[in-house]
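First the structure, in the form of structure tokens, and then the observations on it.
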Amino acid sequence: MKIEGKVCLITGATSGIGYETALRLKEKGAVVIGTGRNDEVIAEIKNAGLFDVVKCDSGNEDEVLSLFSYIKEKYGTLHVLINNAAYGYFDSLVKQDVKKFEEMFRTNVTGAMLMGREAARIFTANNYGNIINISSTAGTRGFEGGTAYASSKFAVRGMTECWRAELRKYNVRVILINPSEVQTKFARNAGFGHREFNSTKLQSQDIVHALISALEMEDRGFITELTVFATNPSS
């Protein structure tokens, strides 16, 4: 796909992988719409004119519908959805907090589904589109303390496979990207505390490189799944 001129929606675009993706797509000439929930950061992005950004909770159906109404009215169409918005909640099984578990699923799973549903309605009507779901290596194997987060990412993996089966006949490419540990605010927001920068571990731009490469493949083919590991990370 030629990125220049394509209308691209990125959820969770106010930090980390989503933010770097938005900037890179904009550099390549895409029309970029990002979503986020932090008013202060949204204002900073708007004031700097970096890319269009809309406050939207992807797990809230009314807000998602409002977002897509805005996109249709302002841009007329959509070519790419990047489902990136997600966060982590980690604890042992015996300590699982139902409220935290369900709130995380609302963002990581329900939010991805709602965005995917509305994008697919546009893509099937246009007989063209691209969906990239940012999952995790946590969606490929379980681990201690990962009951909530890993299961949410296994769900994203399952939805991706279903969407791929449904949408290929409409020329819609559905791609899954599984990053291993990436140095963003994710770990701190998940309660792991401050971590020093480690040059041997992955950074957001490494995932963005994989994502852009997958998008730029000619439309006659697509990469179903990409898993990105650090080559030889030191602890």
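Can you compute the helix-only [θ] at 222 nm over the chain? Use -39500 (n - 2.57) per DSSP H run of at least 4 residues, normalise by all residues, nearest 500 deg cm²/dmol.
After summing the helix terms and dividing by residue count, I get -13000 deg cm²/dmol.
Give the residue from THR107, ALA119, HIS209 lying farthest towards the positive end of the charge dipole for segment 101-221; charges sit on Cβ (+1 for Lys and Arg, -1 for Asp and Glu) and the dipole is referred to the Cα centre.
Comparing the listed Cα positions along the dipole, ALA119 ranks first.
Quick one: helix 16-27 against the long Cα principal axis of the chain, what's the angle to the nearest 10°, folded into 0 to 90?
Helix 16-27 and the main axis of the chain meet at about 30 degrees.
Could you give me the ³J(HN,Hα) list for segment 50-65, computed from phi with Karplus coefficients 6.51, -1.76, 1.60 and θ = phi - 60°, whole Hz, x at Gly and Pro?
For segment 50-65, the Karplus curve yields 6, 6, 5, 9, 10, 6, 7, 8, 5, x, 9, 4, 4, 5, 5, 4 Hz.
Going by how many other Cβ atoms sit within 10 Å of their own, how do HIS209, HIS194 line up, fewest first?
Ranking HIS209, HIS194 by Cβ neighbours within 10 Å, fewest first, gives HIS194, HIS209.
Just in segment 20-87: which chymotrypsin sites (Phe, Trp or Tyr not before Pro) are loop by DSSP and have at most 16 other Cβ atoms within 10 Å?
Answer by residue number: TYR87.
Where does segment 65-109 land on Rg/Rh, using Cα atoms and the Kirkwood Rh?
Value, to two decimals: 1.22.
With axes computed from alpha carbons, what is the tilt in degrees of helix 112-126 against the longest principal axis of the chain, rounded to the nearest 10 within 0 to 90?
Taking the Cα atoms of the chain, the angle to 112-126 is about 20 degrees.
At what distance in angstrom do the alpha carbon centres of segment 153-183 and segment 1-40 lie from each other?
Cα centres, segment 153-183 to segment 1-40: 19 Å.
From the phi of every residue in segment 103-111, what ³J(HN,Hα) in whole Hz does the Karplus formula 6.51 cos²θ - 1.76 cosθ + 1.60 yield, where θ is phi - 60° and glycine or proline is x?
Running phi through 6.51 cos²θ - 1.76 cosθ + 1.60 with θ = phi - 60° gives 5, 5, 5, 4, 7, 5, 10, 4, x Hz.
Work out the length of the dipole vector of segment 129-185 about its Cα centre, built from +1 on the beta-carbon of each Lys and Arg and -1 on the beta-carbon of each Asp and Glu, and round it to the nearest 20 debye.
For this selection, approximately 220 debye.
Taking the Cβ-Cβ separation of GLU73 and LYS100 as r and a Förster radius of 35 Å, what is the calculated FRET efficiency to the nearest 0.05?
Calculated transfer efficiency: 0.45.
Between the helical axis of 39-48 and the dominant principal axis of the chain, each derived from Cα atoms, what acute angle in degrees is found, rounded to the nearest 10?
For 39-48 against the chain, the angle is about 50 degrees.
Only bridges with both residues in the chain count here: give the DSSP antiparallel percent, nearest 5.
Approximately 0 percent, going by the DSSP bridge assignments.
Holding the Cα-Cα limit at 20 Å, pick out from LYS2/LYS26; LYS28/LYS169; LYS6/LYS26; LYS100/LYS153; LYS2/LYS46; LYS2/LYS153 the pairs that are longer than that.
The pairs that break the limit, which is 20 Å between Cα atoms, are LYS28/LYS169; LYS2/LYS46; LYS2/LYS153.
About its Cα centre, how strong a charge dipole does segment 7-228 have in debye, to the nearest 20, once Lys and Arg get +1 and Asp and Glu get -1 at the Cβ?
300 debye
Give me Rg/Rg_expected for segment 12-125, where Rg uses Cα atoms only and Rg_expected = 2.2 N^0.38 Å with N residues. Can you show the working numbers first?
Values: Rg = 15.1 Å, N = 114, 2.2 N^0.38 = 13.3 Å.
Here the answer is 1.14, to two decimals.
Classify the chain from the C-alpha gyration tensor, please: rounded if a/c falls under 1.5, else prolate or oblate depending on whether a/b exceeds b/c.
rounded
Any read-out appearing in this document is the output of simple, stated calculations on the displayed coordinates, not a laboratory observation. The model shown is predicted, which means the values in this text are computed figures rather than measured ones. Cβ coordinates were reconstructed from backbone atoms using ideal geometry, including for glycine residues, and neighbour counts include every protein chain displayed.
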